[in-house]
Structure formats: C-alpha cells, structure tokens
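Undergrad: Starting off with a structure, shown below.
Just so it is clear, none of the values below were taken in a lab; they were calculated from the coordinates. Fair warning: this is a prediction, and the values are worked out from it, not measured in the lab. We place every Cβ from the backbone using ideal geometry, glycine too, and count neighbours over all the protein chains shown.
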Amino acid sequence: MSSGLLAGWRVTVFGSSTLAEGTEGWDLAEATGAALARAGAAVANGGYGGAMAAVSRGVRSASGHVTGVTLDGFRDRTPNAWLSERVHTDTLLERLTVLFQADGFIALEGSVGTLTELFLAWNHAVLEHESPRPLVCLGMAWPGFLAALQSLRLVDDPALLALITWAKDPDEAVRALAEARSRSVPR
C-alpha cells in the first residue's frame with residue numbers, strides 16, 4: 001500500500017475486546033493497524049485488549065501513532081502495551097466523543113460494543129449528508145450481517161446501505177478510505 005494515502009487523517013478502528021492472539025481475527029486486526037500506519041493515518045481505538053491490542057501492535061510495528069481511548073468504567077482492564085498515547089475518559093459518552101473525532105472508521109468483527117459503534121458511525125454518516133465520513137466494515141462476517149438487515153427489512157433503503165463499504169482485506173479497506181478522502185469536502 002502506498003505511503004501517504006491517508007496522511008493527516010485520523011482513522012478510528014472498532015473491534016472485539018475478547019479477540020485472542022493467534023486467531024485469524026487477531027491477524028486481520030494487526031494487519032489493519034499496519035496498513036493504516038503505512039498509509040500515513042493516525043489511528044485511534046478503545047485502548048484495551050483483543051482487536052484493540054492487535055490494531056495497536058500493527059500500527060506500532062509500522063512506526064505509526066495509535067491513541068487508545070480508555071474508560072473509567074473499565075477498571076478491571078489494562079491499556080494495551082502498544083499505545084503511543086492514552087486518552088482517559090470518565091464516561092462511555094465521553095469515550096465515544098473522542099473516538100468519533102476521526103476522519104473515517106473501520107469496523108472489524110465484534111460484539112455489542114462494536115455494533116454500537118458501527119451503528120453510531122452509520123448514523124453520523126446519515127446526518128453528514130453531502131460529505132459523510134467513510135465507514136468500512138472489514139471481514140467476512142459483514143456481508144451476511146448487512147444482508148440480514150436488508151432481508152429483515154430493518155435497513156432496506158439502498159442509500160443507507162451505500163454509506164457502508166465492505167472490504168475483504170486491510171489494503172482494500174485503506175483504498176476505500178483513500179477513495180472517500182479524494183471525494184470528500186474538507187471539514
């Protein structure tokens with residue numbers, strides 16, 4: 001992936017806190033962090049373990065900058081060792097506010113927290129009208145999930161579905177963000 005495609009951009013990555021090292025999901029998350037760093041993006045995530053640690057490790061392995069946004073409510077969790085910096089928040093809403101200070105988003109596979117973040121980013125894209133921040137769902141579970149939303153008629157508006165890009169691999173996700181960047185109006 002060419003260096004500089006996302007220079008000056010901050011990309012927030014969402015994903016499972018329970019993802020185990022050595023799994024296919026971990027490898028994907030780590031490769032995502034490295035691809036974003038090579039493209040010049042600053043990366044933000046929730047700062048703890050699982051996908052957040054894997055993404056952070058990938059960013060740092062490619063000499064990038066990663067910010068972990070931690071939460072007072074998670075007293076039993078330890079920030080991961082690969083963070084460049086940590087922003088600590090008192091509430092979930094504060095945490096989300098910091099995470100959403102981004103130019104684009106990638107959602108890896110996850111659970112309730114990841115889905116919350118995905119739907120919030122999707123809602124932001126709806127409200128941003130002519131210049132929505134890009135939202136990329138990365139991984140093989142997303143096509144089935146999006147198809148289920150459509151088939152259950154929970155989301156059946158093609159314009160809403162068009163606000164999400166699906167990518168199979170990290171380089172494809174970076175290209176999708178870069179393409180969206182080239183079309184976007186500066187904020």
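Undergrad: Mind jotting down the distance between the C-alpha centroids of the range 106-141 and the range 1-70, whole Å?
TA: 16
Undergrad: Can you find, among His88, Leu6, Thr78, the residue farthest towards the positive end of the dipole of the chain? Put +1 on the C-beta of Lys and Arg, -1 on that of Asp and Glu.
TA: Leu6
Undergrad: Continuing with the same structure: Given only helices, namely DSSP H runs of n ≥ 4 each adding -39500 (n - 2.57), what is the per-residue ellipticity at 222 nm of the chain, to the nearest 500 deg cm²/dmol?
TA: Using -39500 (n - 2.57) per qualifying helix, the result is -12500 deg cm²/dmol.
Undergrad: Using Cβ contacts closer than 10 Å as the measure, can you line up Val55, Val98, Val126 from fewest to most?
TA: Listed from fewest to most nearby Cβ atoms, that is Val126, Val98, Val55.
Undergrad: Considering every pair of different Cα atoms, what Kirkwood radius, in Å, is found for the range 1-103?
TA: Mean inverse Cα-Cα distance, inverted, gives 13.2 Å.
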